[in-house]
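These notes concern the structure reproduced below.
The values are calculated or read from the model by the stated rules, or taken from the named source; none is laboratory data. Since the model is a prediction, treat every value here as computed from it, not as a measurement. Cβ atoms come from the backbone with ideal geometry, glycine included; neighbour counts cover every protein chain shown.
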Amino acid sequence: MEHIGFVGLGVMGQPMALNLLRAGYALTVYNRTAARAAPLAQAGASVAVSPRAVAAVCRIVCVNVADDAAVEAVLFGAEGLAPALRADDVVIDLGTTSPAATRAHARRLAQQGVNLIDAPVSGGEAGARAGTLSIMAGGPKAAFERVLPLLKVLGSNVVHVGEANGSGQVAKACNQIAVSATLLGVAEALTFARRQGVDAAQVRAALLGGFAYSRILEVHGERMLTRAFAPGFRARLHQKDLGLVLAEAQALGLPLPVTALAAQLMHALNAMGGAEQDSSAVVQVVETLAGLDPRPNSPTNPL
């Protein structure tokens with residue numbers, strides 16, 4: 001097995017890195033907040049002092065950071081990976097970033113003979129812990145095949161979307177479009193039931209058996225009913241992702257009205273103090289607009 005590097009040990013990155021260790025990979029890790037690396041060190045990983053130090057000892061490096069600027073800093077910043085990368089090394093970007101930035105990063109790395117695989121994931125923290133993420137990969141087929149064994153450790157559904165860099169990020173954008181539309185549909189359906197004075201939990205139970213079934217209804221519908229808004233997938237990150245989708249759509253002259261509405265409601269949730277809640281907490285925005293009390297078990301508007 002190859003020696004793997006992992007940069008970015010946040011809510012998603014830490015459990016993914018731990019899964020690689022459990023699968024038998026030698027691992028060198030780095031995180032800007034050093035305390036996040038402690039569980040990896042205890043499990044047997046080496047801890048590096050910078051991204052560059054990771055690249056010095058690893059030919060495959062996974063990166064899982066928050067946004068375009070963070071990826072840019074990890075790759076090309078003062079202590080970034082790039083100066084220590086060698087020809088035929090592979091960088092795997094597991095975060096959600098813009099297709100345009102991904103293509104630019106790939107071009108710069110290609111000048112060194114380095115391959116970039118953009119491989120954003122879906123499945124949340126629970127999927128990261130269980131190793132059941134859906135992984136959407138873009139980039140050269142040979143490089144993808146080389147890293148496929150380790151991607152299969154991280155996810156149960158790994159799809160090579162295309163040879164062009166950015167293909168994986170486009171697929172993740174499509175995922176966020178579909179998820180956001182469904183999330184709003186579930187929030188509106190449960191709010192409609194509440195406004196009618198009907199038990200929303202029983203309505204959800206009925207819908208689960210018909211064409212309205214979805215994983216969003218199953219998982220996030222339950223979160224909405226029980227007010228289990230611990231992330232999950234943080235609302236601020238969902239807001240960021242929708243911003244990326246809409247920026248790409250604007251560049252294409254492509255109207256995405258439902259996604260634009262979802263973005264506005266996610267903006268509202270963040271403004272209401274829900275940035276660190278699970279994005280399913282957007283139901284509180286819908287309820288507030290409907291004149292319902294979003295607090296759990298309100299005496300005037302019980303769930």
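How many residues does segment 200-228 hold that are surrounded by fewer than 19 Cβ atoms within 10 Å (Cβ to Cβ) and either of a type in the set (D, E, K, R) or not in a helix (DSSP H, G or I) (or both)?
Selection size over segment 200-228: 12.
Is there a residue being farther than 20 Å from Val158 by Cβ, of a type outside the set (Ser, Thr, Tyr) and touching a His at 6+ places or on another chain (Cβ under 6 Å) anywhere in segment 22-40?
yes
Report whether or not Leu225 is more than 22 Å from Gly95 (Cα to Cα) and either modelled with pLDDT under 95 or within 19 Å of the chain's Cα centre (by Cα) (or both).
no
Restricted to segment 135-148, and to residues that are touching a residue at least 40 places away in the same chain (Cβ under 8 Å) and out of contact with any Leu (no Cβ under 9 Å at 6 or more places or on another chain), which residue is surrounded by the most Cβ atoms within 10 Å (Cβ to Cβ)?
The qualifying residue surrounded by the most Cβ atoms within 10 Å (Cβ to Cβ) is Val147.
Taking the condition of being over 21 Å from Val91 (Cα atoms) and outside any helix (DSSP H, G or I), how many residues in segment 34-60 meet it?
1
Working only within segment 1-21, note down all residues that are within 22 Å of the chain's Cα centre (by Cα), more than 24 Å from Phe76 (Cα to Cα) and either not hydrophobic (A, V, I, L, M, F, W, C) or not in a helix (DSSP H, G or I) (or both).
Once the filter is applied, which keeps residues that are within 22 Å of the chain's Cα centre (by Cα), more than 24 Å from Phe76 (Cα to Cα) and either not hydrophobic (A, V, I, L, M, F, W, C) or not in a helix (DSSP H, G or I) (or both), segment 1-21 yields Pro15, Asn19.
Taking the stated definitions as given, is Glu72 over 19 Å from the mean Cα position of the chain (by Cα) and of a type in the set (Asp, Glu)?
Answer is no for this residue.
Looking only at segment 221-238, which residues are on the phi > 0 side of the Ramachandran plot and small (Gly, Ala, Ser)?
Within segment 221-238, Gly232 is the sole residue that qualifies.
Could you list, in sequence order, the residues of segment 75-90 that are closer than 19 Å to His3 by Cα and among the hydrophobic types (A, V, I, L, M, F, W, C)?
Passing the criteria: Leu75, Leu81, Ala82, Ala84, Leu85, Ala87, Val90.
Inspect segment 139-160 for any residue being under 17 Å from the mean Cα position of the chain (by Cα), closer than 25 Å to Leu256 by Cβ and not assigned by TED's automatic domain parsing to the domain that holds Val90 and give the result as yes or no.
No - not one qualifying residue is present in segment 139-160.
Mind listing just one residue for me: the one in segment 180-193 that is of a type outside the set (S, T, N, Q) and surrounded by fewer than 22 Cβ atoms within 10 Å (Cβ to Cβ) and, of those, nearest to Val258 (Cα to Cα)?
Taking segment 180-193 and keeping what is of a type outside the set (S, T, N, Q), we get 181, 183-190, 192-193.
Imposing the further condition that a residue be surrounded by fewer than 22 Cβ atoms within 10 Å (Cβ to Cβ) reduces the set to 181, 184-185, 188-189, 192-193.
Working: Ala181: 6, Leu184: 9, Gly185: 10, Glu188: 13, Ala189: 16, Phe192: 19, Ala193: 22 Å.
So, considering only residues that are of a type outside the set (S, T, N, Q) and surrounded by fewer than 22 Cβ atoms within 10 Å (Cβ to Cβ), the one nearest to Val258 (Cα to Cα) is Ala181.
With (1) surrounded by fewer than 17 Cβ atoms within 10 Å (Cβ to Cβ); (2) part of a helix (DSSP H, G or I) as the list, and Glu79 as the residue in question, which single condition is left unmet?
All conditions are met except number (2).
Can you confirm whether Val61 is touching a residue at least 60 places away in the same chain (Cβ under 8 Å), outside the structural domain of Gln239 (by TED's automatic domain parsing) and within 19 Å of the chain's Cα centre (by Cα)?
no
If you check every pair at least six apart or on different chains, which have Cβ atoms under 9 Å apart with a residue in segment 213-230 that is outside the structural domain of Ala187 (by TED's automatic domain parsing) first and a residue that is surrounded by fewer than 20 Cβ atoms within 10 Å (Cβ to Cβ) second?
none
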